[in-house]
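For reference, the structure is listed below as structure tokens.
Values in this text are rule-based calculations from the coordinates and carry no lab data. Note that this is a predicted model, so its numbers are computed, not measured. With ideal geometry, Cβ positions are generated from the backbone for all residues, glycine too; neighbour counts draw on all protein chains shown.
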Amino acid sequence: MTKKPYYITTAIAYASSKPHIGNAYEIVLADALARFKRSQGYDVFFQTGTDEHGEKIELKAQARGITPQQHVDEISDTIKGIWTALGVEADKFIRTTDKDHEKQVQKIFKRFYDQGDIYKGTYEGWYCTPCESFWTESQLVEGKCPDCGREVKRATEEAYFFRMSRYADRLLAYYEEHPEFSTPVSRKNEMVNNFLKPGLQDLCVTRTSFKWGIPVDFDPRHVVYVWLDALSNYITGIGYDADGNHTEQYGKLWPADVHIIGKDIVRFHTIYWPIFLMALGEPLPKCIFGHPWLLQDGGKMSKSKGNVLYPDDLVKIFGTDAVRYYLLSQVPFDNDGLVNLDMLTEVCNNALANTYGNLLSRTLAMSHKYFGGHVENKGVYEEVDDSLRTVCTAAYQKVVAKLDAYQVADAIDEVFAIFNRANKYIDETAPWVLAREESKKDRLATVMYNLTEALIIGTSLLAPFLPTTAAKALADLGVEARSFDTLGEWGLYAGGEVGKGAEKLFVRLDAKDVHARFEALHPAEPAKEEPKKPTVVSKPPITIDQFAQMDLRVGKILACEKVPKSNKLLCSQVDVGEEKPRQIVSGIAKFYSPEDMVGKSVVVVANLPPVKLCGVVSEGMILCATTAEGLALIQPSGPCEGGNEVR
């Protein structure tokens, strides 16, 4: 019988820096769902990867003095290593710098252009570098990026745009016909009410102010905007071809069963991505799950404070499956979760060491103490057995229902309901009391059988979430993981020999020891000394008339580029209120990139005679202040126009 395919993806991780524990939730969540579907008999294909283009990466590489490719190679390897440390087993790890992906993105872009979906224009707006997003004035929140809250900068550049409005009504109709397309419903409602119904603006899909991206092959000054590039990975990674020559794998797997993504990028996945697919004539993914976040409790993560939690560090302290358990059990379906070292310690001690690990240890120890490690069902049942059996046999369908709705934390609760009930069952049956009377030996054997059967069912259900732990526990129980389609049945265990459980699954941890180990891995950086105030050397006094001879104006920087053969100079085109922009050369390349300069308002000395610097004419001077770090532009604090007088 041919297995039914199941295609699951995560958002590809941005290769700008090492991911912290909040970034790891998504990949572990998707891995658990993929394992669960495999256990159900599906032919699963699980894809993840790295998003490796964009201005932010280009700037990071420049700051490090390496090429962008070197930077993303390093970060991509780091991300792969962390995912491996978390027990993640993906079928494909795609990189957007893969040549086959880049080729298909170029072909997709050209197809859109030929169809009239893309046109060339000019963009002027507010740009957030970390989010790689443009915003209008009305979309800003207190003058900052509405997605991340960071500073934005004014940007004007030639760009290609995608006609979003052409497909908006069709997408809205799709939402109405497919209520399962976006989940949770709160995310769907936000997209429909805040973006689709008010009307979609055309989307900027190229940039010219940086080079680290996939070039538009018929207009190489432009690179493809990060979201058109990154989103396409879901189809290019499985063999999509824009000319129609798709691979057999693509025909088998697409449309994806689910995209697992963070709630911060729901808009890109539930508006832009389906519209791109509609334009390509391809079916839409069956579901997009916008999961909540795992947040650092007690404030924002900061390297200087020494409180950033990295997944690989936590694995060294707690172990792979303990970290997986926390991630999967402590983030609700539709609300953010919290994490810190104390929470991790408490949850792992209580749920893993006490509830589950101790149950297994007690059961194995009693089986050896009373029966030499042999487990056999003697069939001496009492009414108290019914409750344990009911909890165990009902768990499978409950877990399936929760996981099918992506309610993973609730699914784990259903598994641990078995272990909690089994612990209570030990207290109710008191095996140590039964062991005192020879006449109750068969009843004692039945109790030990029931406990073993409960552990087999619960551990088999636990395997997708904690694969290494489940494998160890089942080995101690002397069995293999039970087939998922039998987990609603009771009494399938034929009996046999169990191990002694010499190695505990989880050891209780001391909070002080945890903190000490964490600090040893990442000691807090010493506080920086306050910079000393510079010694000011006063210059001879001048008269007000002499000062009035200086023509100081506000200049608005329209364009900027590096001066060839110079590491220090930038050449800016500056609006100073005249018919034509002034060209001004400044020795600030060590402190500002050309991209940083565009859109800024600065103070200009406009009546200096023209001079040549490195062969380039300069028609004025941009004023800067000296700081401990170097130079800082002097900028007006309020809105100004180019040419406004400074006095």
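A few points about this structure:
- Quotient of C-alpha Rg and 2.2 N^0.38 Å, computed over the range 315-497: 1.05
- Environment charge of Leu328, counting only residues whose C-beta is closer than 14 Å and scoring Lys/Arg +1, Asp/Glu -1: -3
- All-pairs Cα distance distribution in the range 544-633, expressed in whole percent, bin size 10 Å: 17, 51, 28, 4, 0
- Ranked for footprinting exposure by Cβ neighbours inside 10 Å, fewest first, Thr429, Thr96, Thr355 give Thr355, Thr429, Thr96.
- Förster radius 35 Å - calculated FRET efficiency between Asn350 and Lys590, Cβ distance, rounded to 0.05: 0.05
- By other beta-carbon atoms within 10 Å, ranking Val400, Val141 with the fewest at the front produces Val141, Val400.
- Selection from Phe518, Ala481, Gly491, by position along the positive dipole direction of the range 413-534 (Cβ): Phe518
- Restricting the calculation to Cα atoms, the range 162-310 yields a radius of gyration followed by a Dmax of 17.7, 53 Å.
- Unit charges on C-beta of K, R, D, E only; dipole of the range 315-497, Debye: 460 debye
- Euclidean distance between Cα centres, the range 191-260 to the range 442-515, Å: 45 Å
- Of all DSSP beta bridges in the chain, antiparallel share, percent nearest 5: 65 percent
- Computed extension gain for Lys103 through Phe218, at 0.36 nm per residue and net of the alpha carbon distance, reaches 40.1 nm.
- Label positions at Gln635 and Glu74, each projected 7 Å from the Cα along the C-beta direction, are separated by 2.8 nm.
- Shape call, the range 1-153: gyration tensor on alpha carbons, a/c limit 1.5: prolate
- Helix 467-477 axis versus longest C-alpha principal axis of the chain: approximately 10°, rounded to the nearest ten.
- Cα-based Rg of the range 262-393 normalised by 2.2 N^0.38 Å, two decimals: 1.63
- Selected from Cys640, Leu338, Ala15, residue furthest toward positive end of dipole (the chain; charges at beta carbon): Cys640
- If only the Cβ of Lys and Arg carry +1 and only the Cβ of Asp and Glu carry -1, the dipole of the range 544-633 around its Cα centre is close to 320 debye.
- Two-site label geometry, Met621 and Ala430: point separation in nm, points 7 Å out along Cα→Cβ: 9.5 nm
- Those GluC sites (Glu not before Pro) in the range 554-620 that DSSP places in a loop and that have at most 13 other beta carbons within 10 Å: Glu578, Glu579
- Between the Cα long axis of helix 165-177 and the first principal axis of the chain there is an angle of about 20°, rounded to the nearest 10.
- Convex hull of the range 9-75 built on C-alpha atoms - directionally averaged projected area, nm²: 5.0 nm²
- Per-residue extension of 0.36 nm, minus the Cα-Cα distance of Gln397 and Ile542, leaves a gain of 43.5 nm for this segment.
- With the simple model of a label 7 Å out from the Cα in the direction of the Cβ, His178 to Lys512 spans 5.7 nm.
- Annotation note: trypsin sites (Lys or Arg not before Pro) in the range 405-502 located in DSSP loop regions with a Cβ neighbour count of at most 10 within 10 Å are Arg436.
- Estimated from helices alone, the mean residue ellipticity of the chain at 222 nm is -11500 deg cm²/dmol (sum of -39500 (n - 2.57) over DSSP H runs with n ≥ 4, per residue).
- Projected-area mean, the chain, by convex hull of Cα positions, square nanometres: 35.8 nm²
- Given their separation in residues at 0.36 nm each and the Cα-Cα distance between them, Thr390 and Asp43 gain 121.8 nm when the chain is fully extended.
- Low-density loop positions, trypsin sites (Lys or Arg not before Pro), the range 132-172 - DSSP coil, at most 13 other Cβ in 10 Å: Arg150
- Separation of the range 322-361 and the range 390-438, taken as the distance between their Cα centroids, equals 17 angstrom.
- Cα coordinate range in the range 428-508, projected on the principal axes (Å, largest first): 41, 33, 23
- Ser138-His368 FRET efficiency (beta carbon distance; Förster radius 60 Å; 0.05 resolution): 0.25
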